[in-house]
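J.: Structure below; questions to follow.
The values are calculated or read from the model by the stated rules, or taken from the named source; none is laboratory data. Everything quoted here is computed from the prediction, not taken from an experiment. As a convention, Cβ positions derive from the backbone with ideal geometry for all residues, glycine included, and neighbour counts pool all protein chains shown. These area figures cover heavy atoms from the full protein model, side chains too; ligands, DNA and RNA do not enter into them. Shrake-Rupley method; radii C 1.70, N 1.55, O 1.52, S 1.80 Å.
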Amino acid sequence: MLNYTLSTDQLIELRKAHRQTQNKREADRIKAVVLLATGWTAEQVA
């Protein structure tokens, strides 16, 4: 998987969305994006 980064503002917005969502599936997907953007590998996230 290619490395990519998100701006600080984007990470803040995603973390806020993660806390506020009540849909577990959506929360898991948001968390995966945050982890990938902060240096985790796809294998670690999986």
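J.: Go through region 1-37 and give me each residue that's part of a loop (DSSP other than H, G, I, E, B), open to solvent by 60 Å² or more (accessible area, probe 1.4 Å) and touching a helix residue (DSSP H, G or I) at 6+ places or on another chain (Cβ under 8 Å).
T.: Within region 1-37, the first condition is being part of a loop (DSSP other than H, G, I, E, B), and the residues that meet it are 1-7, 21-23.
Checking which are open to solvent by 60 Å² or more (accessible area, probe 1.4 Å) leaves us with 1-5, 22-23.
Correct list: Met1, Tyr4, Thr5.
J.: So the check is Cβ under 8 Å with 6+ separation or different chains; which pairs have a first residue in region 21-46 that's under 10 Å from Asn3 (Cα atoms) and a second one that's assigned to a helix (DSSP H, G or I) and of a type in the set (Val, Ile, Thr)?
T.: Leu36/Val45
J.: Here are some conditions: (1) part of a helix (DSSP H, G or I); (2) open to solvent by 60 Å² or more (accessible area, probe 1.4 Å). Trp40 meets all but one. Which one does it not meet?
T.: Every listed condition holds for Trp40 apart from (1).
J.: Is it the case that Lys31 is modelled with pLDDT of 95 or more, under 10 Å from the mean Cα position of the chain (by Cα) and at negative phi? Walk me through it before giving the result.
T.: Working: modelled with pLDDT of 95 or more: yes; under 10 Å from the mean Cα position of the chain (by Cα): yes; at negative phi: yes.
Against the criterion (modelled with pLDDT of 95 or more, under 10 Å from the mean Cα position of the chain (by Cα) and at negative phi), Lys31 qualifies.
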